[in-house]
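Participant: The structure follows.
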Amino acid sequence: MLRPLMEGEDTAPKGTVVVGTVKGDLHDIGKNLVIMMLEGDGFRVIDLGVDVEIDKFISAAYENQADIIGLSSLLTTTMPAMQETVAAIRENGLEVKTIKRRTPALSEYRELKKRLWSALKLSVVISLSFNTRK
């Protein structure tokens, strides 16, 4: 609904963010919320979707000259995939910021998740706005 209004503006993007849900995870609601906030704040976002292979994150970052790579995950079983993706990004020499959003589905994390996720949604755009200039 807001996208047509935002597309009419003639401003340069604040930066480019490549975002996706890591390999093995099909959840995308949180990722999509973050994308909406980033786009609303003037970032160019490349959405890779869900169940994203490591090499797809890396190639999209190179192809789009990304400033930031955002990794999303809900399942605890995909935490190793997130760690492997971050390691591969570093090994490939990408000079980008990496943001990881995981919401483990374990009972001991539920209370922490409630407190942190609300803060994260508000702080993602604010912190990125101040930290994306090279």
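We did not get these values from a lab; they are worked out from the coordinates using the rules stated. All of these numbers come straight from a predicted model, not from anything done at the bench. Here the Cβ positions follow ideal geometry from the backbone for every residue, glycine too, while neighbour counts run over all protein chains shown.
Participant: Using modelled amide H (1.01 Å from N, peptide plane; none on Pro or chain starts), what sits under 5 Å from the amide H of T21, excluding residues fewer than 5 places away?
Facilitator: Under 5 Å from the amide H of T21: G49, V50, D51, V52, S72.
Participant: Another question about this same structure. If Lys and Arg each add +1 and Asp and Glu each add -1, what is the summed charge of the other residues whose beta carbon sits under 14 Å from the beta carbon of I58? Can you show the working numbers first?
Facilitator: Details: positive: K23, K56, R90; negative: E53, D55, E63, E84, E91, E95.
Net of charged neighbours comes to -3.
Participant: What distance in nm lies between label points placed 7 Å from Cα along the C-beta direction at A88 and D41?
Facilitator: Placing both labels 7 Å along Cα→Cβ, they lie 2.7 nm apart.
Participant: Which whole-Hz couplings ³J(HN,Hα) result when phi for each residue of the stretch 73-88 is put into the Karplus expression 6.51 cos²θ - 1.76 cosθ + 1.60, θ = phi - 60°, listed in order with x for Gly and Pro?
Facilitator: Per residue, the Karplus-derived 3J(HN,Hα) values read 7, 10, 7, 4, 5, 9, 4, x, 4, 5, 4, 5, 5, 4, 4, 5 Hz.
Participant: Here is a further query. Listing L38, L75 from the residue with the fewest other Cβ atoms within 10 Å to the one with the most, what is the order?
Facilitator: L75, L38
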